[in-house]
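The values are calculated or read from the model by the stated rules, or taken from the named source; none is laboratory data. The shown structure was predicted, so the numbers you read here are calculated from the model rather than taken from an experiment. No Cβ is skipped: glycine too gets one built from the backbone with ideal geometry, and neighbour counts run over all protein chains shown. Accessible surface areas use protein heavy atoms only, side chains included; no ligands, DNA or RNA. Shrake-Rupley method; radii C 1.70, N 1.55, O 1.52, S 1.80 Å.
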Amino acid sequence: LSLYAEYIRERTDDSIIETPSGFSTYRYINDGRSVYIIDIFTKPEFRKRGDAAALADTVAYEAKSKGCTEMLGTVNPSAKGSTASMKVLLAYGMTLKSASDNLIVFGKEL
């Protein structure tokens with residue numbers, strides 16, 4: 001485990017998946033009916049190759065096995081790279097669920 005993964009496991013109820021190309025942190029919400037992807041990160045040299053989608057697929061597979069019916073992801077529109085993040089969520093098949101000044105919520109049925 002990386003130092004970051006150890007931190008996540010020690011300090012939060014969140015889960016983390018790590019691969020050589022990146023990681024995804026996520027948590028179960030709405031009484032376990034939804035899985036919320038907190039972050040997906042891939043190293044620059046692995047971007048645009050499907051590695052982020054593979055991480056999301058792994059989260060989705062685990063979540064479905066636990067009875068989740070929905071996957072959620074968010075984007076802070078003022079964050080660096082927010083346009084790219086929105087493109088990734090849309091390309092993964094997520095659709096807009098809601099938006100406010102500081103948060104855009106996307107979702108996908110599992």
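Numbers at a glance
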| item | result |
| --- | --- |
| Accessible area in square angstrom per residue, the chain, 1.4 angstrom probe | 64 Å² |
| Bridge type composition, the chain - antiparallel percent by DSSP, nearest 5 | 85 percent |
| Within the chain, longest stretch clear of exposed trypsin sites (Lys or Arg not before Pro) (DSSP loop, no more than 11 other Cβ within 10 Å) | 1-47 |
| Computed lengthening from Lys97 to Tyr7, 0.36 nm per intervening residue step minus Cα-Cα distance | 29.3 nm |
| Accessible area, probe 1.4 Å, largest first, for residues Asp57, Asp51 | Asp57, Asp51 |
| nm² value of the averaged projected area, convex hull over the Cα atoms of the chain | 7.1 nm² |
| Region 70-90 and region 1-67: distance between their alpha carbon centers, rounded to Å | 15 Å |
| The chain - percent of accessible surface contributed by carbon and sulfur, probe 1.4 Å | 52 percent |
